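Here is the structure we will look at.
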Amino acid sequence: CGRGPGGRRGGRTDMALRCAASLAAGRQPRGPRREGTVRWSSAAKPSAVKINEKASREKILTLESMNPQVKAVEYAVRGPIVLKAGEIEKELRKGIKKPFTEVIKANIGDAHAMGQRPITFLRQVVALCTYPNLLDSPSFPEDAKKRARRILQGCGGNSLGSYTASQGINCIREDVASYIERRDGGVPADPDNIYLTTGASDGISAILKILISGGGKSRTGVMIPIPQYPLYSAAISELDAIQVNYYLDEENCWALNVNELRRALNEAKAYCNPKVLCIINPGNPTGQVQNRKCIEDVIHFAWEEKLFLLADEVYQDNVYSEGCQFHSFKKILYEMGPEYYNNVELASFHSTSKGYMGECGYRGGYMEVINLHPEIKGQLVKLLSVRLCPPVSGQAAMDIVVNPPVPGEESYAQFIKEKESVLNNLAKKAKLTEDMFNKIPGVHCNPLQGAMYAFPRIFIPSKAIEEAKAHTMAPDMFYCMKLLEETGICVVPGSGFGQREGTYHFRMTILPPVEKLKILLEKVKDFHIKFLEKYA
């Protein structure tokens with residue numbers, strides 16, 4: 001409670017008695033104060049505590065002390081342009097006048113945010129799983145109840161609120177394997193090779209995490225397409241790996257050329273160890289759909305160069321152009337024969353977020369990994385177990401994607417009507433977007449064969465490029481910022497995805513309803529013409 005005379009500890013019995021007396025009287029025992037110190041007491045009133053304001057302690061976490069790999073991460077889809085769009089939305093809500101009444105966020109593939117209606121059957125099953133009392137309700141169809149009961153039986157305590165196995169609920173992994181076999185015309189799939197994930201992004205990050213090793217010139221190189229989805233460059237930066245760019249052929253509808261893969265690989269060998277090849281099919285942001293011959297060439301290249309293949313196939317349901325067809329890398333690999341199928345290591349990814357479902361918020365997904373070394377399979381499960389399990393509602397949503405109603409079930413007619421409506425509407429909007437962009441002077445847009453984005457090439461005059469430099473901005477960022485400020489349309493500059501030097505693009509989703517999309521495209525047209533006139 002205090003010190004004796006002269007600051008020495010002494011008279012402990014007397015001190016104890018004085019302390020007891022003070023406490024009995026409702027007073028706090030007092031000892032000598034030190035200058036500049038504050039003693040916290042739970043009994044003290046806030047006004048009685050004076051905080052030393054002479055100097056604030058330095059922060060432990062600063063931009064200088066933080067993880068440099070995290071600081072290097074960039075994710076253009078939610079980058080500066082989107083932050084600016086949020087600021088403008090706040091200003092509009094405050095009544096600040098703009099030359100537009102709303103911000104149209106065409107920067108991200110968020111289908112439901114753009115007005116797409118959920119698939120009834122999927123929501124029914126997830127609702128039944130979430131609140132099992134509804135299983136007694138006559139308002140829900142029996143085929144939905146049957147799936148919900150099966151999913152709940154795979155959950156601890158028959159509850160969606162319980163943890164699952166780190167790989168995901170077993171019966172859902174079985175359904176994923178069955179789906180892959182149906183999709184690929186009987187190519188076998190093993191549920192033990194299926195890993196349910198928090199969206200496809202979680203699986204991609206996990207596989208990259210386990211693949212990257214070495215230092216200096218032996219550091220793992222990851223080959224990614226340019227333009228690319230920024231998840232890849234962000235994950236590579238975070239993991240301190242080496243990004244190896246290969247360029248898609250814009251003049252040939254963003255085709256993938258194996259000669260370009262070989263160029264990129266050979267150049268990269270001088271400074272890293274390239275051992276991962278990432279493919280996005282259908283393409284994001286470019287919308288191309290790879291043909292069978294291209295996929296065969298890529299697989300042969302990966303086999304020849306001993307590369308681990310990552311096939312991002314989340315847009316496999318989104319194919320619109322006549323003559324285009326989705327081919328999974330797994331199927332083509334199998335059909336190329338045992339020398340390839342038994343040796344090429346391949347991870348394929350799918351998600352609830354895209355396709356006709358558009359269920360981004362559930363964060364459902366899966367990856368299938370084949371030809372993985374048995375000991376590495378154990379390491380992968382260990383890595384996934386750190387995050388315990390993917391969201392269980394997302395697992396349930398993924399199950400309905402791979403196990404939808406079939407002919408003869410009562411929900412089939414409505415399900416197929418809703419699915420076809422979404423996909424037909426997207427195909428219509430893909431063609432509309434391509435046609436309208438190609439009518440604008442100084443804009444060229446390749447056919448949108450698949451996915452849900454346009455990636456038009458835009459001409460930016462040299463005068464605008466100089467002004468962009470004066471604002472320390474990339475020219476296409478400058479263009480997109482002006483577009484946002486003058487029209488309220490939010491798109492993502494091509495520099496956020498990568499592009500050939502001297503070319504400029506932006507990515508725009510085709511998800512808005514048709515009438516709103518037409519207005520959006522007309523606004524882009526008017527803006528672009530004025531932009532050219534101003535900076536000509």
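The values are calculated or read from the model by the stated rules, or taken from the named source; none is laboratory data. Quick caveat, the model's predicted, so the values are computed rather than measured. Neighbour counts are summed over all protein chains in view; Cβ atoms, including those assigned to glycine, are modelled from backbone coordinates with ideal geometry. The area values use the complete protein model at the heavy-atom level, side chains included, leaving out ligands, DNA and RNA. Shrake-Rupley method; radii C 1.70, N 1.55, O 1.52, S 1.80 Å.
Relative contact order for the chain: what is it in percent, counting Cα pairs under 8 Å that are at least 6 residues apart?
Answer for the chain is 19 percent.
Spin-label model, ASN291 to LYS516: label points 7 Å out along the Cα-to-beta-carbon direction sit 3.7 nm apart. Remark: relative contact order (the stretch 120-402) = 23 percent; criterion is Cα-Cα distance under 8 angstrom and separation of 6 or more residues.
What does the net charge come to around ASN67 if you take all other residues with beta carbon closer than 11 Å to its beta carbon, with K and R at +1 and D and E at -1? Local net charge: -1.
Taking other residues whose beta carbon is less than 14 angstrom from the beta carbon of ALA413, and scoring Lys, Arg as +1 and Asp, Glu as -1, yields -3. Measuring r between the beta carbons of GLU64 and ASN273 and using R0 = 25 Å, the FRET efficiency lands at 0.25. Going by alpha carbons, how many degrees (0 to 90, nearest 10) lie between the helix axis of 12-24 and the longest principal axis of the chain? The helix 12-24 is inclined about 70 degrees to the chain. For the chain, the share of DSSP beta bridges that are antiparallel, to the nearest 5, is 50%. Once you put a point 7 Å from the Cα of LYS431 and another 7 Å from the Cα of ARG117, both along the Cβ direction, what distance in nm separates them? With each label point 7 Å from Cα toward Cβ, the separation is 2.3 nm. Normalised by the number of residues in the stretch 92-204, the average gap of Cα pairs under 8 Å and 6 or more apart makes the relative contact order 14 percent. Loop sites by DSSP among the GluC sites (Glu not before Pro) of the chain, restricted to those with at most 10 other Cβ atoms within 10 angstrom, leave 65-321 as the longest stretch without any of them. With both bridge residues required to lie in the stretch 120-402, what share of the DSSP beta bridges run antiparallel, to the nearest 5%? Given both bridge residues lie in the stretch 120-402, the antiparallel proportion sits at roughly 40 percent.
Within 10 Å, at most 16 other Cβ atoms, and a DSSP state outside H, G, I, E, B define an exposed site. Report the longest part of the chain free of exposed chymotrypsin sites (Phe, Trp or Tyr not before Pro). Answer from the scan: 272-458. Rg ratio for the stretch 246-358: its Cα radius of gyration over 2.2 N^0.38 Å, N being its residue count, equals 1.07. Structure note, pairs LYS293/LYS419; LYS145/LYS417; LYS98/LYS525; LYS90/LYS525: Cα-Cα distances above 23 angstrom occur for LYS293/LYS419; LYS90/LYS525.
When the charge dipole of the chain is built from unit charges on Cβ atoms (+1 for Lys and Arg, -1 for Asp and Glu) and taken about the Cα centre, the candidate among LEU256, PHE100, SER411 whose Cα reaches farthest toward its positive end is PHE100. Only one residue of ASN342, TYR195, LEU277 has its Cα farthest out toward the positive end of the dipole of the chain, where Lys and Arg carry +1 and Asp and Glu -1 on Cβ, and that residue is TYR195. Counted by Cβ distance under 13 Å from LYS382, the other residues give a net charge of +2, where Lys and Arg count +1 and Asp and Glu count -1. From the mean inverse distance of alpha carbon pairs (Kirkwood) and the Cα radius of gyration, derive Rg over Rh for the stretch 110-221. Across the stretch 110-221, the Cα-based Rg/Rh ratio is 1.09.
Give me the Kirkwood hydrodynamic radius of the chain, using the inverse of the mean 1/r over all pairs of distinct Cα atoms, in Å to one decimal.
For the chain, inverting the mean 1/r across all distinct Cα pairs yields 26.6 Å.
In sequence order, the stretch 396-408 has phi-based couplings of 5, 4, 4, 4, 6, 5, 8, 9, x, x, 10, x, x Hz under the Karplus curve 6.51 cos²θ - 1.76 cosθ + 1.60, θ = phi - 60°, and Gly or Pro positions carry x. In sequence order, the stretch 177-183 has phi-based couplings of 4, 5, 4, 4, 4, 5, 4 Hz under the Karplus curve 6.51 cos²θ - 1.76 cosθ + 1.60, θ = phi - 60°, and Gly or Pro positions carry x. Considering only protein heavy atoms and a probe of 1.4 Å, how much of the accessible area of the stretch 371-514 is carbon and sulfur, as a whole percent? Answer for the stretch 371-514 is 56 percent, counting heavy atoms of protein chains only.
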